[in-house]
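This report concerns only the one structure given below.
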Amino acid sequence: MISALPADQQMLRKFMPSWLPYMYGLAVISGALGCIGLILRKKWAVTVLLVGFVAVLIHMGYTMLFTQAVDVYGPGSVMMSIMVIFMAGFLYFYSKNAAQQGWLA
């Protein structure tokens, strides 16, 4: 599938560090588990969503600041990254507030 990508996208993927996909996976899994924790009204959701937020910051920060992703994918990639960071932050701070309000057990 990678060979079907344009040459600039193939080069971008080729030079990504090996830990970056793991950071992406950590962000996705912890975000999903944290949201399940919120639905179940569990206090551990705060910690899990904090892990997800930090993973999103590391992944998106590295991708936007230390690679040519903006040049390859265009300015829309910056807006998408900002939206993902905002949503992860919102979920963490919402869960933190919910715990302080006593909504989570």
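Relative to its Kirkwood radius, the Cα radius of gyration of the chain gives an Rg/Rh of 1.09. Only protein atoms count toward the accessible area here, which uses a 1.4 Å probe; on the chain, the carbon and sulfur part of that area reaches 73 percent.
A simple spin-label model places pseudo-atoms 7 Å from Cα toward Cβ; at Gln100 and Thr47 they are separated by 2.0 nm.
Output the 0 to 90 degree angle, nearest 10, between the alpha-carbon long axis of helix 44-66 and the longest principal axis computed from the alpha carbons of the chain. Orientation of helix 44-66: about 20 degrees from the principal axis.
Summing Cβ point charges (Lys, Arg +1; Asp, Glu -1) relative to the Cα centre of the chain gives a dipole of roughly 440 debye.
Go ahead and set up a Gaussian network model of the chain, Cα springs under 10 Å, then flag whichever of Ile36, Ile58, Ile85 fluctuates most. It is Ile36.
The values are calculated or read from the model by the stated rules, or taken from the named source; none is laboratory data. Since the model is a prediction, treat every value here as computed from it, not as a measurement. Ideal geometry is used to build each Cβ from the backbone, glycine not excepted, and the neighbour counts take in all protein chains shown. The protein model used for the area step is the full one, side chains on, heavy atoms only, and it has no ligands, DNA or RNA in it. Shrake-Rupley method; radii C 1.70, N 1.55, O 1.52, S 1.80 Å.
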